[in-house]
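In what follows, a single structure is set out as structure tokens and then discussed.
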Amino acid sequence: MLSHGHHFLKQSQWLSHLTNNIHNIHNHPNNKFLTKRRCSSQFVKTAKIINLSDPFDDANSSLHNLPYGDSAQIISSGLESHQDLDLLRSQNANVIFVSHPLARKPLAEIIRHVPSIEWVHARSAGVDFITSEDLNECADHVTFTNAKGQFSSTLAEYAMMACAHFAKDVPRLMRQKENCEWGKFNVRELRGATLGIIGYGDIGRECARLAKAYGMHVIGLRRNPKKSEGDEFCDDILGSDRESMKRIMSESNYILVSAPLTKDTKGMIGRHEFEFVRNENVVFINLGRGPIVDESALIDALKRGE
């Protein structure tokens, strides 16, 4: 992650620091930056946006209808030449929106060579695809925000769908439908089952909120458990130590991973963690980045029936 002085904030948190000096900020997420027009007798800046994204991304459409004076230039994964940097520098670009998975190197290069950059916004909750040592060295003057919370609701719905998929044996139901067979079979209830959430942040908490509606018992694990003390959706909140990991893996009927990918979480769920599983027919759901889980260890655990 970024070193001292760098903090990834919700976009709304960043904007709250500006409200004492800025009025008439546009509501669309892609327009929430300073504009250099006179508003309520105050001057604010024009947004000169660099958009590091897939040029065919539908999310770019709002950039074609910016307020008067604002502008955007869409760049794919890289810069064609140093002439591009000269152009961006001459235009005093001050905002970067980033969503391209190959943006790590060009992002650091732009910030290093375009000193007018003030704000970088990742259009995803995860920021692992942009962090680097190069960024650490050149971005002390830049404020970073991400889209934390933007996808929490739909991911939580997906998580509960995954739990129900196995509890109600949906694959068997679909086979019977295909074969026009209507045999009875037993299903499990989610009510009373334990959901263990590894990474109890915004996404994890939204999953817990829906799980409680089903009557599930929720255990959460996070690096700083004090942040979730007294949480109405979490019955037990644990730290990230080994004993806490052992407990959540051994007590859960459904294990859900929603931790961000960092140097500390890469490979955090591996062979030793799967050996802690004690319940039968445990369902494992990963909403986070793939490298958080040791895939080979997961496959071995599935083959052994753990």
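The values are calculated or read from the model by the stated rules, or taken from the named source; none is laboratory data. From a predicted model like this one, the values you see are computed outputs, not experimental measurements. Cβ: placed from backbone, ideal geometry, glycine included. Neighbour counts: every protein chain shown.
Considering only the range 270-283, I want to know if a residue exists there that is assigned to a loop (DSSP other than H, G, I, E, B) and closer than 24 Å to Lys148 by Cα. Looking through the range 270-283, none of the residues is assigned to a loop (DSSP other than H, G, I, E, B) and closer than 24 Å to Lys148 by Cα.
Screening Val120, Val127 for residues that are buried (at least 18 other Cβ atoms within 10 Å of the Cβ), without any contact (Cβ under 8 Å) to a residue 40 or more places away in the chain and more than 15 Å from Gly204 (Cα to Cα) leaves exactly one candidate, Val120.
Could you list all residues from the range 201-251 that are assigned to a loop (DSSP other than H, G, I, E, B), surrounded by fewer than 17 Cβ atoms within 10 Å (Cβ to Cβ) and among the small types (Gly, Ala, Ser)? Passing the criteria: Gly215, Gly230, Gly239. Looking at the range 178-195, is at least one residue outside any loop (DSSP other than H, G, I, E, B), within 26 Å of Arg278 (Cβ to Cβ) and at pLDDT 95 or above? Yes - at least one qualifying residue is present in the range 178-195.
Within the range 229-258, being in contact with a Gly (Cβ under 6 Å, 6 or more places away or on another chain) and not hydrophobic (A, V, I, L, M, F, W, C) holds for Ser252, Ser258. Return yes or no: is Ile292 in the same structural domain as Ile197 (by TED's automatic domain parsing), farther than 23 Å from Arg188 by Cβ, hydrophobic (A, V, I, L, M, F, W, C) and surrounded by 15 or more Cβ atoms within 10 Å (Cβ to Cβ)? Taking the combined requirement at face value, the residue satisfies it. Taking the criterion of being over 30 Å from Val257 (Cα atoms) and either touching a Pro at 6+ places or on another chain (Cβ under 6 Å) or surrounded by fewer than 17 Cβ atoms within 10 Å (Cβ to Cβ) (or both), would at least one residue in the range 154-176 satisfy it? Yes: the range 154-176 contains one or more residues that are over 30 Å from Val257 (Cα atoms) and either touching a Pro at 6+ places or on another chain (Cβ under 6 Å) or surrounded by fewer than 17 Cβ atoms within 10 Å (Cβ to Cβ) (or both). Inside the range 117-171, residues that are at pLDDT 95 or above, touching a strand residue (DSSP E or B) at 6+ places or on another chain (Cβ under 7 Å) and of a type in the set (Phe, Trp, Tyr) make up a count of 1. Of the residues making up the range 255-276, those that are crowded, with 19+ Cβ neighbours inside 10 Å and closer than 22 Å to Ala193 by Cα are Ile255, Leu256, Val257, Ser258, Ala259, Ile269, Glu273, Phe274.
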